[in-house]
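A.B. asks: Shown below is the structure under consideration.
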Amino acid sequence: MRVPSADLFDPRTIMDSDYSPGGPDAPGSDPDFAFAFNDSNFSDRVLRIEIIPDLPETKSDGDPCTSIADWVRNRKRRREDIKKENAAEVVGQSEEQVINCNMPDTEDAVAYENQDEEPMAMIEEPPTDADVNLNELGDDVDNGNDSSWNMDCSTVLRVKTLHISSPILAAKSPFFYKLFSNGMRESEQRHVTLRIHASEEAALMDLLNFMYSHTLSTTTPTAVLDVLMAADKFEVASCMRYCSKLLRNLPMTCESALLYLDLPSTVLMAEAVQPLTDAAKQFLAAQYKDINKFQEDVLNLPLAGIEAVLSSDDLQVASEDAVYDFVLKWARTHYPRLEDRREILATRLGRLIRFPFMTCRKLKKVLSCNDFDPELASKVVLEALFFKGEAPYRQRVLAAEEANSTYRRFVERAYKYRPVKVVEFEIPRQQCVVYLDLKREECAHLFPAGRVYSQAFHLGGQGFFLSAHCNMDQQSSFHCFGLFLGMQEKGSVSFAVDYEFAARSKPTEEYVSKYKGNYTFTGGKAVGYRNLFGIPWTAFMADDSLYFINNILHLRAELTIRQ
């Protein structure tokens, strides 16, 4: 097949069905050439597949994998074996090309970091008239690694011969396109030989059949994963999409989700696989939403898994302080060397901590934490403090700008303890002013007997918190909104405090005082008002409520230590 040379610089322009009008997965977007598969009447080439023994750690065809766990165990490779396996030999012969193309496998599906796939290294024989110019095939040549491909390729277990159509394969795969249209004499030769390992045979046959029929006969997760790896190796994007869709439709488990996130980097970066990896991340985030409930399981997750969990907005944690503490615990467990830990926190995990929602007391500890590079610690703390100092509308703008980004620093999670803003004074008396904002939907979820707590804040060395309730009024005649102030239990200390509760209200939208009082706190005690606004719950939540401004309830508590 002779293709105009101009196309050689952009093989994707004629390949696959990526840009078909009906979309890549639309029915009928790819013609069915199943009738032509391995039929000499519709073929212009002969593909000779030489099957060589697997590496020692690879399971043979006679002992198939029956589960994802088996697939993981039997796909493990030592790094040097990957390097050897990915080597490709091109041998010039009078009438045939020989290409040793071995599909890469994951080093370890539960490893903490994704193992990047080595580039295919093609080793040239001394120049002869029949040699292939490898650069024209578009593959990288590693001239300094002649020994890396020295594997036992002399023992051929069996040979398969197929009749193939070069236009069909070239239309589906840039790999075959470049092979058949490199403008050299070898591209017009009739015979092409591929060498593969025995464990790759089934996947390659399924892939070749897919390139004709656009369907797969296999549906087991392990077999589909093998085909996905083969499709990545031979650049068949339509098959990668198809495999990704099949795997998404199968029941997801923690084991399979982690495996999908630990595929080789070339597979992970492929656009066709993104929906699968997104589904895996969403599954893990939902599975481990409550970190406290599954603390040991989450602590044992690999890097890809912990990243998926910590990226979620719906993480059920007490506060971002708890996220910070957990990240440090995970990093110290998996990266005992300080240099490695600093690197992983700086490049991966640190970006998942939403420092702007941490308390100021915890941010001070970040500055002195040895696990973080001092320059990075200063940067994230300053950024957090500037965000805290922004007006609410500016905070909403910053959050909206990051709504679709990978790292959502300014997006608030669904914390168990609601964030507060605190202004502290030391003179003339120890005093603090605490601001707590609640969304209308958060208040609605309190009915009929719920409560929500604020993050802790401190006054005079003691920890306090606010709690908003939906409860019955004094006479138990109707539901209403209540607000309470509590002191965290800390020994038997008594603490005399003057306090005042206020809320913004229409039409002025200024804070209006609701109640004042004083109370002598002891550990674990709380004081407040069952009906802060003096109205039933229905009136409080009504569309014309005086207390929701842009669907936000603004509360303020002022505390002063009594002399």
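The values are calculated or read from the model by the stated rules, or taken from the named source; none is laboratory data. Values in this document were obtained by computation on a predicted structure and should not be read as measured data. Methodologically, a virtual Cβ is constructed for each residue, glycine included, from the backbone with ideal geometry; neighbour enumeration extends over all protein chains shown. For the accessible areas, the whole protein counts, side chains as well, though only heavy atoms, and no ligand, DNA or RNA atoms are used. Shrake-Rupley method; radii C 1.70, N 1.55, O 1.52, S 1.80 Å.
A.B. asks: Restricting to segment 471-500, name every residue that is among the hydrophobic types (A, V, I, L, M, F, W, C) and either over 46 Å from the mean Cα position of the chain (by Cα) or open to solvent by 10 Å² or more (accessible area, probe 1.4 Å) (or both). Spell out how you get there, then give the answer.
C.D. replies: Just the residues of segment 471-500 that are among the hydrophobic types (A, V, I, L, M, F, W, C), to begin with: 472, 478, 480-481, 483-485, 487, 493, 495-497.
Listed by number, the residues that qualify are MET472, PHE478, PHE484, VAL493, PHE495, ALA496, VAL497.
A.B. asks: Right, next: Can you give me the number of residues within segment 247-265 that are surrounded by 17 or more Cβ atoms within 10 Å (Cβ to Cβ), touching a residue at least 60 places away in the same chain (Cβ under 8 Å) and either in contact with a strand residue (DSSP E or B) (Cβ under 8 Å, 6 or more places away or on another chain) or outside any helix (DSSP H, G or I) (or both)?
C.D. replies: 3
A.B. asks: Let me ask something else. Restricting attention to segment 363-385, which residues are hydrophobic (A, V, I, L, M, F, W, C) and either touching a Cys at 6+ places or on another chain (Cβ under 8 Å) or under 19 Å from PHE457 (Cα atoms) (or both)? Give the steps one after another, and end with the answer.
C.D. replies: Restricting attention to segment 363-385, the residues satisfying the condition of being hydrophobic (A, V, I, L, M, F, W, C) are 363, 366-367, 369, 372, 376-377, 380-382, 384-385.
If the condition is that a residue be hydrophobic (A, V, I, L, M, F, W, C) and either touching a Cys at 6+ places or on another chain (Cβ under 8 Å) or under 19 Å from PHE457 (Cα atoms) (or both), then LEU363, VAL366, ALA377, VAL381, ALA384, LEU385 are the ones that fit.
A.B. asks: ALA318 is checked against (1) under 24 Å from LEU436 (Cα atoms); (2) of a type outside the set (Asp, Glu); (3) outside any loop (DSSP other than H, G, I, E, B); (4) touching a residue at least 12 places away in the same chain (Cβ under 8 Å) and fails just one. What number does that condition carry?
C.D. replies: (3)
A.B. asks: Now, a different point. Give just the number: which of (1) out of contact with any helix residue (DSSP H, G or I) (no Cβ under 9 Å at 6 or more places or on another chain); (2) closer than 18 Å to LEU555 by Cα does GLN455 not satisfy?
C.D. replies: (1)
A.B. asks: A further question on this structure: In segment 398-434, what residues are under 15 Å from PHE387 (Cβ atoms), open to solvent by 70 Å² or more (accessible area, probe 1.4 Å) and more than 28 Å from the chain's Cα centre (by Cα)?
C.D. replies: LYS421
A.B. asks: Any idea which residue in segment 486-520 is nearest to HIS458 (Cα to Cα), counting only those that are among the aliphatic types (A, V, I, L, M) and modelled with pLDDT of 95 or more? Before the answer, list the steps.
C.D. replies: Taking segment 486-520 first, the residues among the aliphatic types (A, V, I, L, M) are 487, 493, 496-497, 502-503, 512.
Now narrow it down to the ones that are modelled with pLDDT of 95 or more: 502-503, 512.
Details: ALA502: 19, ALA503: 21, VAL512: 24 Å.
Looking at residues that are among the aliphatic types (A, V, I, L, M) and modelled with pLDDT of 95 or more, I get ALA502.
A.B. asks: Could you list all residues from segment 413-469 that are among the basic types (Lys, Arg) and not in a strand (DSSP E or B)? Outline the logic, then answer.
C.D. replies: Within segment 413-469, the first condition is being among the basic types (Lys, Arg), and the residues that meet it are 413, 416, 418, 421, 429, 439-440, 451.
Listed by number, the residues that qualify are ARG413, LYS416, ARG429, ARG440.
A.B. asks: Would you point out which residue out of ALA526, ALA468, ALA456 is aliphatic (A, V, I, L, M), surrounded by fewer than 19 Cβ atoms within 10 Å (Cβ to Cβ), touching a Gly at 6+ places or on another chain (Cβ under 8 Å) and in contact (Cβ under 8 Å) with a residue 24 or more places away in the chain? Working first, answer last.
C.D. replies: Details: ALA468 fails: surrounded by fewer than 19 Cβ atoms within 10 Å (Cβ to Cβ); ALA456 fails: surrounded by fewer than 19 Cβ atoms within 10 Å (Cβ to Cβ).
Just a single option satisfies the conditions, and that option is ALA526.
A.B. asks: Anything in segment 387-396 that is surrounded by fewer than 16 Cβ atoms within 10 Å (Cβ to Cβ) and aromatic (Phe, Trp, Tyr)? List them, or say none.
C.D. replies: TYR393
A.B. asks: How many residues does segment 529-561 hold that are free of Cβ contacts under 8 Å to residues at least 60 places away in the same chain, within 40 Å of the chain's Cα centre (by Cα) and within 16 Å of LEU483 (Cβ to Cβ)?
C.D. replies: 1
A.B. asks: Might you let me know whether segment 538-546 holds any residue that is surrounded by fewer than 17 Cβ atoms within 10 Å (Cβ to Cβ) and assigned to a strand (DSSP E or B)?
C.D. replies: Checking segment 538-546: not a single residue is surrounded by fewer than 17 Cβ atoms within 10 Å (Cβ to Cβ) and assigned to a strand (DSSP E or B).
A.B. asks: Another one. Could you check, for segment 326-337, whether at least one of its residues is surrounded by 14 or more Cβ atoms within 10 Å (Cβ to Cβ) and either small (Gly, Ala, Ser) or within 20 Å of LYS421 (Cα to Cα) (or both)? Working first, answer last.
C.D. replies: Step one: list which residues in segment 326-337 are surrounded by 14 or more Cβ atoms within 10 Å (Cβ to Cβ), which gives 326-328, 330-331, 334-335.
Adding the requirement that they be either small (Gly, Ala, Ser) or within 20 Å of LYS421 (Cα to Cα) (or both) leaves 331.
The answer is yes; a qualifying residue exists.
A.B. asks: While we're looking at this one, here's another question. Residues of segment 511-532 being part of a loop (DSSP other than H, G, I, E, B), in contact with a Lys or Arg (Cβ under 7 Å, 6 or more places away or on another chain) and more than 16 Å from PHE495 (Cα to Cα), which ones?
C.D. replies: Listed by number, the list holds a single entry, LEU532.
A.B. asks: I'm told ALA230 meets every condition in (1) farther than 30 Å from THR406 by Cα; (2) in contact (Cβ under 8 Å) with a residue 60 or more places away in the chain except one. Can you identify the failing condition by its number?
C.D. replies: Single failed check for ALA230: (1).
A.B. asks: Turning to a different aspect of this structure: On the given criteria, is LEU179 outside any strand (DSSP E or B) and modelled with pLDDT of 85 or more?
C.D. replies: On the way: outside any strand (DSSP E or B): yes; modelled with pLDDT of 85 or more: no.
In short, no.
A.B. asks: While we're on this one: Inside segment 363-386, can you point out the residues that are crowded, with 19+ Cβ neighbours inside 10 Å and either of a type in the set (Gly, Ala, Ser) or part of a helix (DSSP H, G or I) (or both)?
C.D. replies: Answer for segment 363-386, where residues must be crowded, with 19+ Cβ neighbours inside 10 Å and either of a type in the set (Gly, Ala, Ser) or part of a helix (DSSP H, G or I) (or both): LEU363, VAL366, ALA377, VAL380, VAL381, ALA384.
A.B. asks: Which members of segment 266-303 meet the condition of being part of a helix (DSSP H, G or I) and more than 13 Å from the chain's Cα centre (by Cα)? Lay out the reasoning, then the answer.
C.D. replies: Taking segment 266-303 and keeping what is part of a helix (DSSP H, G or I), we get 266-268, 271-287, 295-299, 303.
Selection gives THR266, VAL267, GLU271, ALA272, GLN287, GLN295, GLU296, ASP297, VAL298, LEU299.
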